[in-house]
Amino acid sequence: MSVSRRSLLKNLGLAGAAATVAGPTAAMSSKPTPDPLANKDIADFGHGVASGDPLANSVIIWTRISPKVNAAIDVTWRICRDVEMTDEVNSGTFSTNADRDYTVKVDVDGLMPDSWYYYQFEAGDKKSAIGRTKTAAETGLDRLRLAVVSCSSFPHGYFNVYKVLAERNDLDAVVHLGDYIYEYGEGQYDDKDLRAERALLPKHEIVSLSDYRQRHNLYKRDPDLQAVHQQYPFIVTWDDHEFANDTYKDGAGNHDDSEGDFYARKRAAKKAYFEWMPIRNQPDDLEAVYRKLQFGNLVDLMILDTRVEGRDEQVGFFTQSERHDPNRTLLGFDQEQWLHNQLSVSNAKWKICGQQVQIQHIGPVALPDKLGGGASFFLDTWNGYTETRRRLFNHLEDNNIDNFVVLTGDIHSTWVADLAQDPYDRKKYNGKTGDGSLGVEFVTPSVTSPALPPVIGDVAAAALKVSSPHLKYCEMVHHGFFILDVTEERAQADWYFVNTIEKQSTAHYHKVSYKTDNGANRVSEAGGPVTGVRNPVPLAPKA
């Protein structure tokens, strides 16, 4: 969801609608996408390296070679136990061409569980940067540390969050919950003061396959994004802006007939995404992003798609009674059943969902469900699909599923909440003790995408907290990330905010920490951030 100052104010009933934007027609093509940022004389690995979707004995590694001519290129790859790249574990050759925009993606197997590796690509006499990655544990894991990020709008500022994470050596992976790229053209959604420094390519709104490829190309050229991809495996899902604002399965708020067929646009966006992102294709559905990753017996991480897979069109404010229709779905009924099944069969201590839009009940006009639930300005979230949420919460309750944690992005702000069937009914949920809570939700702020200005953001957060007994913390002004530190005893989220996005800087600070204890199914404030953790291997050398 595009939460500009105007659109978030609109959600709070304080301002008017945002403007509609347009762009060129969508078309699929196997021609090489123009790369205006590439060196014209030599092939290079100017988009860095990346890895993702770690399993116990395999991991995806990725790069892109910028070709001199439109012809197939053989790229060799190696993966080693040491940063000097002498203790080789596996190697091979990948042939890439214009059909996949010269991207290279290899699912490397034959690896050991819970182990660090270094990898590198080579074409001719050109070598990529050395990347570092880690496999998931198979059994016996006692701690997992994930950085959680979302909403990274290139023209709104510098990716200082990524740089901060790249310089840490205490994480296992990075989870990106979507809006990794944005579709808008120049002047439609940006910081005008940074327009020269953070110029978009292409300059128009992206609609065609070539457009989407160029926008991914631009983002992957960013040195701070490259730096964090180089050091850690990513676990990603898309939100709406990888397609168009307010996407649903059959259309988008930011798409009209002048931009061509929506399904063609969606196919183009998906193809570019799978080319340019270190994500594994799922065997049952090559275009699906919902999947489960296991980290020993400690964590089952279920990544959801609340946008493209099955979402029905969002209801409007004056038709919001339709949000209670049991035939409307946020996930699609196949994904919904998959999620319920995964929760039921999981033997992990913690069942964690990474997804896009808030699952918690959100005011500001809140009433108990028996009184109609009141009105909502947040109909893009699970609030607009109440029966999908009710069925999930019923499943948790009926099957006595504990330790359910939801990681959320999209809203460009920080929220911490208990998850209850009806948090506004004191007979069903006690806001002081947390009795009646079925799980917790931790929401990450944006990397750069606009939040609210200080005074308005503080007032809005205070108003939401007053009307929401289950909302334990809300901050709507700052950019940053949180680190989820999971042990057998608790899952703790430590929020860090960056000082600025208007210039390159690694200045940041810890803001707040919340946790949920084993079996508690509710949040409580932690005494401080987790410290003293350090990975046993060095960072990959800076490119």
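The values are calculated or read from the model by the stated rules, or taken from the named source; none is laboratory data. Nothing here was measured: the structure is a model prediction, and the numbers come from that model. Cβ: placed from backbone, ideal geometry, glycine included. Neighbour counts: every protein chain shown. We work out accessible area using only protein heavy atoms, side chains counted, and drop any ligands, DNA or RNA first. Shrake-Rupley method; radii C 1.70, N 1.55, O 1.52, S 1.80 Å.
Picking from residues in region 152-202 that are over 20 Å from residue 232 (Cβ atoms) and among the hydroxyl-bearing types (Ser, Thr, Tyr), the one that is surrounded by the most Cβ atoms within 10 Å (Cβ to Cβ) is 182. Once region 282-317 is narrowed to residues that are at pLDDT below 90 and part of a loop (DSSP other than H, G, I, E, B), the residue that is least open to solvent (accessible area, probe 1.4 Å) is 316.
Before we move on, is residue 320 part of a helix (DSSP H, G or I), among the polar types (S, T, N, Q), surrounded by 21 or more Cβ atoms within 10 Å (Cβ to Cβ) and in contact with a helix residue (DSSP H, G or I) (Cβ under 8 Å, 6 or more places away or on another chain)? It would help to see each step written out before you state the result.
Details: part of a helix (DSSP H, G or I): yes; among the polar types (S, T, N, Q): yes; surrounded by 21 or more Cβ atoms within 10 Å (Cβ to Cβ): no; in contact with a helix residue (DSSP H, G or I) (Cβ under 8 Å, 6 or more places away or on another chain): yes.
For residue 320, the condition - part of a helix (DSSP H, G or I), among the polar types (S, T, N, Q), surrounded by 21 or more Cβ atoms within 10 Å (Cβ to Cβ) and in contact with a helix residue (DSSP H, G or I) (Cβ under 8 Å, 6 or more places away or on another chain) - is not met.
For region 98-125, taking the residues that are at pLDDT 95 or above and open to solvent by 50 Å² or more (accessible area, probe 1.4 Å), the one that is nearest to residue 272 (Cα to Cα) is identified as 100. In the set 249, 266, 220, 270, only one residue is under 17 Å from the mean Cα position of the chain (by Cα) and open to solvent by 10 Å² or more (accessible area, probe 1.4 Å); that residue is 270. Within region 428-446, is there a residue that is among the β-branched types (Val, Ile, Thr), within 17 Å of residue 404 (Cβ to Cβ) and at pLDDT 95 or above? The answer is yes, given that some residue of region 428-446 is among the β-branched types (Val, Ile, Thr), within 17 Å of residue 404 (Cβ to Cβ) and at pLDDT 95 or above. Would you tally the residues in region 134-164 being in contact with a helix residue (DSSP H, G or I) (Cβ under 9 Å, 6 or more places away or on another chain) and part of a strand (DSSP E or B)? So the count comes out to 2.
Residue 532 meets the conditions (1) in contact (Cβ under 8 Å) with a residue 60 or more places away in the chain; (2) open to solvent by 20 Å² or more (accessible area, probe 1.4 Å); (3) of a type outside the set (Ser, Thr, Tyr) in every case but one. The failed one is (1).
Residues of region 165-190 being within 28 Å of residue 493 (Cβ to Cβ) and part of a loop (DSSP other than H, G, I, E, B), which ones? Before you say what the answer is, go through the steps one by one.
Taking region 165-190 first, the residues within 28 Å of residue 493 (Cβ to Cβ) are 165-182.
Across region 165-190, the qualifying residues are 168, 169, 170, 171, 172, 177, 178, 179, 180, 181, 182.
Taking (1) touching a helix residue (DSSP H, G or I) at 6+ places or on another chain (Cβ under 9 Å); (2) in contact (Cβ under 8 Å) with a residue 60 or more places away in the chain in turn, residue 119 satisfies each apart from (1).
Does residue 330 satisfy the criteria of being open to solvent by 60 Å² or more (accessible area, probe 1.4 Å) and within 20 Å of the chain's Cα centre (by Cα)? Criteria not met by residue 330.
Annotation note: of 211, 191, 179, the sole residue that is under 30 Å from residue 358 (Cβ atoms), touching a Cys at 6+ places or on another chain (Cβ under 6 Å) and not aliphatic (A, V, I, L, M) is 179. Among the residues of this structure, residue 500 counts as one that is under 29 Å from residue 223 (Cα atoms), surrounded by fewer than 19 Cβ atoms within 10 Å (Cβ to Cβ) and not small (Gly, Ala, Ser).
From the list 57, 70, 90, exactly one residue is at negative phi and touching a Ser or Thr at 6+ places or on another chain (Cβ under 9 Å). Which is it?
Details: 70 fails: touching a Ser or Thr at 6+ places or on another chain (Cβ under 9 Å); 90 fails: touching a Ser or Thr at 6+ places or on another chain (Cβ under 9 Å).
Exactly one of 57, 70, 90 is at negative phi and touching a Ser or Thr at 6+ places or on another chain (Cβ under 9 Å), namely 57.
Residue 302 satisfies every condition listed in (1) farther than 26 Å from residue 350 by Cα; (2) among the aliphatic types (A, V, I, L, M); (3) touching a Leu at 6+ places or on another chain (Cβ under 9 Å) except (1).
Inspection of region 398-405 identifies at least one residue that is on the phi < 0 side of the Ramachandran plot and without any contact (Cβ under 8 Å) to a residue 12 or more places away in the chain.
Could we say that residue 131 is within 30 Å of residue 244 (Cβ to Cβ), touching a residue at least 24 places away in the same chain (Cβ under 8 Å), of a type outside the set (Lys, Arg) and open to solvent by less than 10 Å² (accessible area, probe 1.4 Å) here? Give the steps one after another, and end with the answer.
Values: within 30 Å of residue 244 (Cβ to Cβ): no; touching a residue at least 24 places away in the same chain (Cβ under 8 Å): yes; of a type outside the set (Lys, Arg): yes; open to solvent by less than 10 Å² (accessible area, probe 1.4 Å): yes.
No; evaluated as a whole, the condition is false for this residue.
When region 233-244 is filtered for residues that are under 15 Å from the mean Cα position of the chain (by Cα) and either surrounded by fewer than 22 Cβ atoms within 10 Å (Cβ to Cβ) or of a type outside the set (Asp, Glu) (or both), the ones remaining, listed by number, are 233, 234, 235, 236, 237, 238, 241, 243.
So which residues in region 352-377 are at pLDDT below 90, touching a strand residue (DSSP E or B) at 6+ places or on another chain (Cβ under 8 Å) and open to solvent by 10 Å² or more (accessible area, probe 1.4 Å)?
Looking only at region 352-377, we keep the residues that are at pLDDT below 90, and these are 363-377.
Within this subset, residues satisfying the condition of being touching a strand residue (DSSP E or B) at 6+ places or on another chain (Cβ under 8 Å) are 363, 365-367, 373-377.
If the condition is that a residue be at pLDDT below 90, touching a strand residue (DSSP E or B) at 6+ places or on another chain (Cβ under 8 Å) and open to solvent by 10 Å² or more (accessible area, probe 1.4 Å), then 365, 366, 367, 373, 374, 375, 377 are the ones that fit.
When you scan region 69-88, do you find a residue that is modelled with pLDDT of 95 or more, basic (Lys, Arg) and open to solvent by less than 10 Å² (accessible area, probe 1.4 Å), even just one? No: region 69-88 contains no residue that is modelled with pLDDT of 95 or more, basic (Lys, Arg) and open to solvent by less than 10 Å² (accessible area, probe 1.4 Å). Taking the criterion of being among the small types (Gly, Ala, Ser) and out of contact with any Leu (no Cβ under 6 Å at 6 or more places or on another chain), the residues of region 173-228 that qualify are 178, 185, 187, 196, 199, 208, 210, 227. The residue that is surrounded by the fewest Cβ atoms within 10 Å (Cβ to Cβ), counting only those in region 441-493 that are part of a loop (DSSP other than H, G, I, E, B) and among the hydroxyl-bearing types (Ser, Thr, Tyr), is 467.
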